[in-house]
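Here the structure is laid out as structure tokens; the discussion comes afterwards.
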Amino acid sequence: MTMTNGLYSIVTEMIDGGHGHASGVIVLLDGRIAGGDSHFYYTGSYTADRGKWRGELTTRQHTKSAGVLPLFGGREVTTGFSGTFTADSADVQGAALVGKTSVRIHSRLELLSPL
């Protein structure tokens, strides 16, 4: 089984090392990742095989967030991740170095539209 190319919703929660969450959309297409939300955009890459996947995702701010605490404090952050997937969803656990703090995250993806 391979990961379904498509547009996914993504919800990310910090597990430890901070408090915060983010939600947005993300496109998975043949090993490439692109997406974003109202303040950040995401780019990266992944490999997937037999229900497991892993990769790297870089988060960059495109719009200042007035009155909102950004998930990674507005910093550019690269997160390494691994997890599992089905035909229409995926779960990942990851770790990012935010300043001098290691932050663990959990993300849930749900397929909105296949490509």
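Listing for the model above:
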item	result
Entirely in segment 26-115, the strands (runs of 3 or more DSSP E) that have 1 or more residues that are closer than 16 Å to residue 14 by Cα, of a type in the set (A, V, I, L, M) and in contact with a His (Cβ under 9 Å, 6 or more places away or on another chain)	89-98
Filter result (closer than 23 Å to residue 110 by Cβ, modelled with pLDDT under 95 and more than 12 Å from the chain's Cα centre (by Cα)) within segment 71-90	72, 87
Leading residue by the ranking (farthest from residue 62 (Cα to Cα)) among those in segment 8-44 that are of a type in the set (A, V, I, L, M) and surrounded by fewer than 18 Cβ atoms within 10 Å (Cβ to Cβ)	15
Residue count for segment 1-35, restricted to those that are without any contact (Cβ under 8 Å) to a residue 40 or more places away in the chain and under 23 Å from residue 101 (Cα atoms)	2
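The values are calculated or read from the model by the stated rules, or taken from the named source; none is laboratory data. Note that this is a predicted model, so its numbers are computed, not measured. Cβ: placed from backbone, ideal geometry, glycine included. Neighbour counts: every protein chain shown.
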